[in-house]
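For reference, the structure discussed in these notes is given below.
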Amino acid sequence: MTVPEERIGFGGGCHWCTEAVFQALRGVHDVAQGFIRSTPPHDSWSEAVEVTFVPDVIPLDTLVEIHLRTHASTSAHKMRGKYRSAVYTFDTDQSDRMREVLRSLQPEFDEPLQTQVLTHAGFRQSDPRFQNYFATDPDRPFCRTYIDPKLRLLRERFSEFAPVRSETG
């Protein structure tokens, strides 16, 4: 019996971080790191990941909450062109559902969420030397500084979806 999978795109911060966060979760079968674009006016390429997951193992609503809590989702900082805070959807039903999830989570944040729900209009993978960035060398200074705290948050707040790791972070 084949377990049904779904796909969604997430953009926020550096795709090295976003990739590592989603790769750490139970129920996520694939994380493709790269750049996603939407339809105009959001058709420039922005760092992001495509996530393939099993909703019976990890619900889409949980993935969205994890995304919001592991990047600067309430900041309208100057790098938003390169690091667009977005959920990239593949159909109208998914878009409607994501808007509702964002509305329901907004009260848990002190500032307005900057995360947009955008139509997925294209994906291109990042350079192979950057794929699996954290998995290939978690001791890099960048990983220790930026990725380890996000993984620690997963273990503390989303422990049922984030296996306990043996690293020292």
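Rule-based calculations on the coordinates, nothing more; no lab input. Bear in mind the structure is a predicted one, so any value in this text is a computation, not a measurement. As a convention, Cβ positions derive from the backbone with ideal geometry for all residues, glycine included, and neighbour counts pool all protein chains shown.
Send over the per residue convex hull volume for the chain, Cα only, as a whole number of Å³.
Residue-normalised Cα hull volume stands at 129 Å³.
From the phi of every residue in the range 99-106, what ³J(HN,Hα) in whole Hz does the Karplus formula 6.51 cos²θ - 1.76 cosθ + 1.60 yield, where θ is phi - 60° and glycine or proline is x?
Ordered by residue, 3J(HN,Hα) equals 4, 5, 4, 4, 4, 6, 8, 3 Hz.
Between residue 155 and residue 135, how many nm apart are label points set 7 Å from Cα along the C-beta direction?
1.9 nm
Work out from phi, with θ = phi - 60° and the Karplus expression 6.51 cos²θ - 1.76 cosθ + 1.60, the ³J(HN,Hα) of each residue of the range 11-19, listed in order in whole Hz, and give x for Gly and Pro.
x, x, x, 4, 5, 5, 5, 4, 4
So, in nm, how far is label residue 108 from label residue 45 when the simple model puts each one 7 Å beyond its Cα toward the Cβ?
Going from the residue 108 label point to the residue 45 one covers 3.3 nm.
When the dipole is taken about the Cα centre of the chain, and only Lys, Arg (+1) and Asp, Glu (-1) are charged at their Cβ, what size is it in debye, to the nearest 20?
560 debye
For the chain, what does -39500 (n - 2.57) per DSSP helix run (n ≥ 4), summed and divided by total residues, give at 222 nm, in deg cm²/dmol to the nearest 500?
-8000 deg cm²/dmol
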